[in-house]
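A.B. asks: After the structure tokens below, expect a handful of questions from me.
The values are calculated or read from the model by the stated rules, or taken from the named source; none is laboratory data. Computed from a predicted model, the values in this text were never measured in an experiment. So basically every Cβ, Gly included, is an ideal-geometry build from the backbone, and we count neighbours across all protein chains shown. Ligands, DNA and RNA are stripped out before the accessible areas are found, and what is left, the full protein with its side chains, is counted by its heavy atoms. Shrake-Rupley method; radii C 1.70, N 1.55, O 1.52, S 1.80 Å.
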Amino acid sequence: MDLETVWRESVSHSGGWAAFAIGPVPVALLRERAVAGSVGRAVGIGLAAGGARDATELAALIGGRVVAQGRVVDVERTGDALAFVHSSVAIRDDRTGAVARVEAGSEYVHCMIDGLPVASTPSVITVVDARSLDPVATDRTRVGNELAVLVLPSAPWWWASPERTARVAPRAYGIDADVVPEVVE
């Protein structure tokens with residue numbers, strides 16, 4: 001059993017939070033396996049979110065794109081509330097009338113517009129409240145919410161090897177879908 005499997009089980013059975021410590025790791029191994037800059041990027045995104053007026057401006061400030069914005073028309077959840085829960089959220093886009101379907105587990109992992117894939121992990125798919133721009137967790141989506149779906153490029157580290165990409169591909173989360181290559185605009 002690998003460390004990620006143990007960690008996911010621990011978190012899912014601990015009410016969504018947990019902590020653990022591991023022994024020393026050689027620096028060379030960390031250079032090879034760590035995603036450098038992720039904490040700094042998260043802080044930068046948080047600062048940008050505080051100054052944005054709408055989802056389009058937020059996406060521009062953080063290097064992402066808005067793929068849908070509108071009202072939630074359907075939410076489906078399956079699985080055990082204490083374990084891995086799969087959810088699917090349908091959002092009717094206010095601008096185009098298209099329907100975005102976002103598939104999620106503990107995080108958003110795949111997005112389709114009118115049935116066509118537009119984003120998947122390892123790209124970062126995030127859902128925010130369209131008015132406040134506050135992030136909306138996968139278990140907090142409700143019919144009637146006004147949401148925006150943003151896609152941010154992931155760290156190039158994830159795309160550097162097929163093995164890494166496969167670890168965070170939709171299938172790794174139990175979703176029968178291929179990885180969607182990142183769109184560079």
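A.B. asks: Roughly how tilted is helix 38-51, in degrees to the nearest 10 and between 0 and 90, from the longest Cα axis of the chain?
C.D. replies: Once rounded, the angle reads 20 degrees.
A.B. asks: Any idea what the relative contact order of region 45-185 is, in percent, if you count C-alpha pairs under 8 Å spaced at least 6 apart?
C.D. replies: Values: 294 pairs, mean separation 33.3, N = 141.
With pairs under 8 Å counted, the relative contact order is 24 percent.
A.B. asks: At 1.4 Å probe radius, can you tell me the per residue accessible area of the chain in Å²?
C.D. replies: 58
A.B. asks: I would also like to ask the following. Just the Cα atoms of the chain: what Rg and Dmax do they give in Å?
C.D. replies: In order Rg, Dmax, the Cα atoms of the chain give 16.9, 53 Å.
A.B. asks: To the nearest 20 debye, what is the magnitude of the charge dipole of region 32-185 about its Cα centre, counting +1 on the Cβ of each Lys and Arg and -1 on the Cβ of each Asp and Glu?
C.D. replies: Details: 15 positive and 20 negative charges, 43 e Å.
Using Cβ point charges on Lys, Arg, Asp and Glu, region 32-185 gives about 200 debye.
A.B. asks: Run a plain Debye calculation on region 50-111 (Cα atoms as equal point scatterers, no solvent) and give log10 I(q)/I(0) at q = 0.12, 0.13, 0.24, 0.30 Å⁻¹, rounded to two decimals, same order as the q list.
C.D. replies: -0.38, -0.44, -1.00, -1.15
A.B. asks: While we're on this one: Give me the angle, in degrees from 0 to 90, between the Cα long axis of helix 3-12 and the longest principal axis of the Cα atoms of the chain, rounded to the nearest 10.
C.D. replies: For 3-12 against the chain, the angle is about 50 degrees.
A.B. asks: Dimensions of region 103-185 along principal axes (Cα, Å, largest first)?
C.D. replies: Extents along the principal axes, in whole Å: 39, 27, 23.
A.B. asks: Now for a separate question. Select from Val109, Ile91, Val72 the residue farthest towards the positive end of the dipole of region 40-167; place +1 on Cβ of Lys and Arg, -1 on Cβ of Asp and Glu, and compute about the Cα centre.
C.D. replies: The listed residue farthest towards the positive side: Val109.
A.B. asks: A further question follows. Which residue, Gly63, Val180, Ala119, has the largest displacement toward the positive end of the dipole of the chain when charges sit on each Cβ (Lys, Arg +1; Asp, Glu -1)?
C.D. replies: With unit charges placed on the Cβ atoms, the residue in question is Gly63.
A.B. asks: For n ≥ 4 DSSP H runs only, could you compute -39500 (n - 2.57) per run for the chain, divide by its residues and tell me the 222 nm figure to the nearest 500?
C.D. replies: Working: 6 runs with 49 residues, N = 185.
Taken over the chain, the calculation gives -7000 deg cm²/dmol.
A.B. asks: Using a 10 angstrom cutoff on alpha carbons, build the Gaussian network for the chain and name the most mobile of Val25, Val102, Val118.
C.D. replies: In the Gaussian network model the winner is Val25.
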